[in-house]
Amino acid sequence: MNKWVKKSIPLAVAASMAFTVIPGGVDAKSDNGKGNNGKGNGHNKKVEQTWKVPAKKKFYLKDVESHWANQDIYKMYSLGLMSGYDDFTYQPNKPVTQLEVISSLVRVLELDGKDRNPNLSNKNLKEVPNWAKTSVAIAIEEGLLEGNKKFQPNKPATRLFITNLLVQLVGNNIDDNWEDATPLFKDVDNLSKEEKAILAFAALTKLVSGYSDNTFQPNKPVTRAEMAVFINRLLNYKEDLGDYYTESGNGTIVSIDARDSEITIKQRVKTNGEWKYVNKDYTVDDDAKIYVDGKAATLSKLTANMGIEFTIDEDDNIIYIKAKSVVKEVGDYTYNGVITKIDNDVVWVKVDRVTVPFLINSNVKITTKSGAKADLNDLKVDQKIAFNLNSSGAVSEILIDAAQATDNEIKDLINKLDDLEKLTMDIKGDNDFKASLYYEKKTDNSYVASVKLEGETEYYQVGRTALKYLVDLFEDNQISFDKDDVEIDELKQDLIDKYDVEDAVITGSAIVDGITYDLSEGTIIVDKEIKNLLNELGDLNKIDLEIDGDNNALVDIYFDRKSDYNYEAQVKIVSEDNRFEFSGKTALTFLANFIDDENIDFSDDDQSEVDEFVNDLIDQYNITDADIDGVIVIDNKTFNL
């Protein structure tokens with residue numbers, strides 16, 4: 001197992017973290033701006049530097065909080081691989097230069113802990129500023145610039161430029177067998193064979209991805225936000241191969257103690273070539289950045305069985321968390337594809353938007369779905385396979401027919417959509433967001449499905465992947481297409497919540513058991529006041545409370561939170577001095593004001609807060625001989641009254 005260790009940061013790399021020399025961010029001490037030229041303290045010809053480590057309270061970038069790449073940016077920020085500016089900004093949309101990208105990726109390279117003494121007299125360094133000479137010298141000696149013969153330090157870094165660097169950095173050996181690899185993007189015909197091969201490998205291994213219109217846009221300049229995404233993909237790829245950085249990890253939450261900020265995580269690690277699972281205990285820092293299902297959250301929102309990515313500080317405390325409610329099962333094989341051509345011992349496989357050739361030699365382990373041993377002669381055109389790559393990018397294992405979806409599997413997915421026969425749904429919102437969902441049932445085990453998202457999130461899938469996406473989407477939001485209980489309004493509102501869209505315009509239709517439902521009702525305006533009122537209720541999920549007293553006194557309260565914008569609320573009060581009945585927003589406002597006035601804190605699932613809420617209602621409305629019945633649910637924990 002390769003273990004990346006944290007090192008002291010040379011000036012060239014420290015400056016690259018912000019991609020620009022920031023006053024107060026990096027204090028470079030040199031001899032009249034010329035550096036120490038290897039003299040003095042003998043620090044491998046590196047300029048003495050002072051790197052300001054962000055204080056915990058500074059774990060905040062004001063122009064990142066709502067940015068589409070905020071999770072990737074904060075992860076890189078927490079690892080010290082990228083930094084912000086002194087005014088607490090990150091400037092995510094600022095383009096990066098080729099020199100800045102080289103410096104940043106060299107920092108990633110140095111995570112392996114090796115000591116490097118680059119030759120700073122290299123003639124290729126003449127046009128490189130002093131602050132970056134060490135980084136560029138390392139890049140040259142490590143071969144990172146071999147695929148970028150036209151290195152121009154001050155030119156904007158393009159997507160193709162960075163793709164070349166990423167593939168070089170993972171150490172892939174793209175040999176002659178790859179020269180005819182085909183990335184299936186419609187705008188890459190003018191690339192050389194070598195560039196196409198590099199792009200094909202990067203697309204296959206998810207180091208890069210294209211856009212929903214099936215373009216790659218190789219010459220598009222890369223921004224600081226996109227750079228954070230690229231580095232995160234690189235780290236994930238390395239970790240999938242068994243490498244890991246001592247200050248990051250991923251796994252599944254086993255248990256969590258929110259009160260003591262303790263968490264146990266089940267992690268998959270590779271030791272001596274074998275994968276195994278271990279449970280590790282961590283403390284979560286009070287100022288940790290936490291995301292759950294793509295949204296900023298608190299520690300109390302984490303639950304067992306969530307998938308988790310995290311980073312830790314020098315005290316081994318977790319300072320960044322990205323969690324998902326649905327854990328993707330880690331299988332034995334990483335890639336799935338279809339064989340398109342076999343030429344002697346070279347097998348061509350189509351995977352998503354790329355077709356790649358693999359040399360099948362005696363070192364490649366081939367097995368069938370039943371577990372029987374197989375060989376090259378058992379591989380056929382149009383056959384579906386699953387496979388793994390080794391650290392050099394060569395295929396190492398193949399499972400025949402692994403990705404074949406049986407008729408029963410397809411039938412089960414279709415059955416989960418109940419009586420839905422056809423769905424055509426388009427959603428448009430702010431920030432150029434667009435979502436197009438399409439499904440049509442043909443028979444009990446055949447269908448047409450597609451999902452396309454545009455804007456801050458780019459996603460496009462067809463076929464079984466799209467069908468599975470739709471099924472999961474509707475199940476997660478508990479949307480029913482049963483002919484006796486068609487939930488069209490809930491469908492629209494929950495999708496607006498899911499994609500966090502404001503001023504949404506929805507068009508389309510749904511056909512359920514022969515009945516057509518129109519989805520087009522103009523613009524749906526999200527009531528931000530309602531969202532704020534719901535936020536004031538803390539983690540309160542539900543109230544179903546009735547208090548009866550003498551002289552027909554009554555407090556009857558019902559509240560059910562359905563989403564961040566959607567709810568149901570009713571309040572009825574009958575007492576000697578009061579008689580009123582509210583519903584909807586008025587009832588919600590009443591609850592929020594009462595809870596605030598009485599200092600009730602429903603951010604904690606505490607019995608004492610529940611008791612205080614009930615007793616305050618009894619006192620407020622002078623109810624004697626109170627008979628209490630009902631439940632209150634806080635953060636999915638039920639309190640019986």
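For region 448-527, which fully contained strands (runs of 3 or more DSSP E) count at least 3 residues that are more than 20 Å from Gly294 (Cβ to Cβ) and at pLDDT 85 or above?
Details: elements: 459-462, 504-512, 515-518.
Per the criteria, 504-512.
I'd like the full set of residues that are under 15 Å from Asn541 (Cα atoms) and hydroxyl-bearing (Ser, Thr, Tyr), limited to region 577-633.
Result: Ser603, single match.
Among the residues of region 318-336, is any in a loop (DSSP other than H, G, I, E, B), modelled with pLDDT of 90 or more, farther than 16 Å from Val254 by Cβ and open to solvent by less than 60 Å² (accessible area, probe 1.4 Å)?
no
Report yes if Gly371 is surrounded by fewer than 19 Cβ atoms within 10 Å (Cβ to Cβ) and either assigned to a loop (DSSP other than H, G, I, E, B) or at pLDDT 85 or above (or both), otherwise no.
So Gly371 fits the description; yes.
Keeping to region 339-368, report how many residues are in contact with a strand residue (DSSP E or B) (Cβ under 6 Å, 6 or more places away or on another chain), open to solvent by 60 Å² or more (accessible area, probe 1.4 Å) and within 29 Å of Val462 (Cβ to Cβ).
3
Quick one: in region 266-294, of everything that is basic (Lys, Arg) and closer than 19 Å to Ile256 by Cα, which residue is modelled with the lowest pLDDT?
So the first thing to find is which residues in region 266-294 are basic (Lys, Arg), and the list is 266, 268, 270, 276, 280, 289.
Pick out the ones that are also closer than 19 Å to Ile256 by Cα and you get 266, 268, 280, 289.
Working: Lys266: 89, Arg268: 78, Lys280: 90, Lys289: 93.
Looking at residues that are basic (Lys, Arg) and closer than 19 Å to Ile256 by Cα, I get Arg268.
If you scan region 538-553, which residues turn out to be crowded, with 16+ Cβ neighbours inside 10 Å, under 20 Å from Phe580 (Cβ atoms) and either out of contact with any Ser or Thr (no Cβ under 8 Å at 6 or more places or on another chain) or among the hydrophobic types (A, V, I, L, M, F, W, C) (or both)? Quick ask: steps written out before the conclusion?
Initially, region 538-553 is screened for residues crowded, with 16+ Cβ neighbours inside 10 Å, giving 538-543, 545, 547-549, 553.
Among the residues that remain, those that are also under 20 Å from Phe580 (Cβ atoms) are: 543, 545, 547-549, 553.
Scanning region 538-553 gives Ile543, Leu545, Ile547, Asp548, Ala553.
Exactly one of (1) in a helix (DSSP H, G or I); (2) surrounded by fewer than 17 Cβ atoms within 10 Å (Cβ to Cβ); (3) among the β-branched types (Val, Ile, Thr) is unmet by Val631. Its number?
(1)
Among the residues that make up region 561-574, is at least one of them surrounded by fewer than 19 Cβ atoms within 10 Å (Cβ to Cβ), farther than 27 Å from Leu495 by Cβ and not charged (D, E, K, R)?
Looking through region 561-574, at least one residue is surrounded by fewer than 19 Cβ atoms within 10 Å (Cβ to Cβ), farther than 27 Å from Leu495 by Cβ and not charged (D, E, K, R).
Just wondering, is there one or more residues in region 220-236 that are within 20 Å of the chain's Cα centre (by Cα), open to solvent by less than 50 Å² (accessible area, probe 1.4 Å), in contact (Cβ under 8 Å) with a residue 40 or more places away in the chain and over 24 Å from Gly455 (Cα atoms)?
Looking for residues that are within 20 Å of the chain's Cα centre (by Cα), open to solvent by less than 50 Å² (accessible area, probe 1.4 Å), in contact (Cβ under 8 Å) with a residue 40 or more places away in the chain and over 24 Å from Gly455 (Cα atoms), one finds at least one in region 220-236, hence yes.
Select from region 378-389 the residues that are open to solvent by 30 Å² or more (accessible area, probe 1.4 Å), farther than 18 Å from Ala181 by Cα and in a loop (DSSP other than H, G, I, E, B) and list them in ascending order.
Lys380
When only residues in region 439-454 that are touching a residue at least 24 places away in the same chain (Cβ under 8 Å) and open to solvent by 30 Å² or more (accessible area, probe 1.4 Å) count, which is nearest to Gly514 (Cα to Cα)? Can you show your working first?
Filtering region 439-454 down to residues touching a residue at least 24 places away in the same chain (Cβ under 8 Å) leaves 439, 441, 444-447, 452-454.
Adding the requirement that they be open to solvent by 30 Å² or more (accessible area, probe 1.4 Å) leaves 441, 444-447, 452, 454.
Details: Lys441: 12, Asp444: 16, Asn445: 19, Ser446: 18, Tyr447: 16, Lys452: 26, Glu454: 31 Å.
Ranking the candidates gives Lys441 first.
Only residues that are in a helix (DSSP H, G or I) and open to solvent by 30 Å² or more (accessible area, probe 1.4 Å): list them for region 603-615, please.
The answer is Gln607, Ser608, Glu609, Asp611, Glu612, Asn615.
Out of the residues in region 181-200 that are of a type in the set (A, V, I, L, M, F, W, C), in contact with a strand residue (DSSP E or B) (Cβ under 7 Å, 6 or more places away or on another chain) and open to solvent by less than 10 Å² (accessible area, probe 1.4 Å), state the one that is farthest from Val356 (Cα to Cα).
Leu199
Please go through (1) crowded, with 16+ Cβ neighbours inside 10 Å; (2) closer than 21 Å to Leu234 by Cβ; (3) modelled with pLDDT under 85; (4) touching a strand residue (DSSP E or B) at 6+ places or on another chain (Cβ under 6 Å) for Asp112 and return the number of the only condition it doesn't satisfy.
Unmet condition: (1).
Being open to solvent by 60 Å² or more (accessible area, probe 1.4 Å), polar (S, T, N, Q) and either under 26 Å from Tyr499 (Cβ atoms) or not in a loop (DSSP other than H, G, I, E, B) (or both) is the filter here; which residues of region 251-302 pass it?
Answer for region 251-302, where residues must be open to solvent by 60 Å² or more (accessible area, probe 1.4 Å), polar (S, T, N, Q) and either under 26 Å from Tyr499 (Cβ atoms) or not in a loop (DSSP other than H, G, I, E, B) (or both): Asn279, Thr298.
Given (1) surrounded by 20 or more Cβ atoms within 10 Å (Cβ to Cβ); (2) at positive phi, identify the lone condition not met by Thr163.
Among (1) surrounded by 20 or more Cβ atoms within 10 Å (Cβ to Cβ); (2) at positive phi, Thr163 violates only (2).
The values are calculated or read from the model by the stated rules, or taken from the named source; none is laboratory data. As the structure is a prediction and not an experimental result, all values here were calculated from the model. Virtual Cβ from ideal backbone geometry, glycine too; neighbours counted across all protein chains shown. For the accessible areas, the whole protein counts, side chains as well, though only heavy atoms, and no ligand, DNA or RNA atoms are used. Shrake-Rupley method; radii C 1.70, N 1.55, O 1.52, S 1.80 Å.
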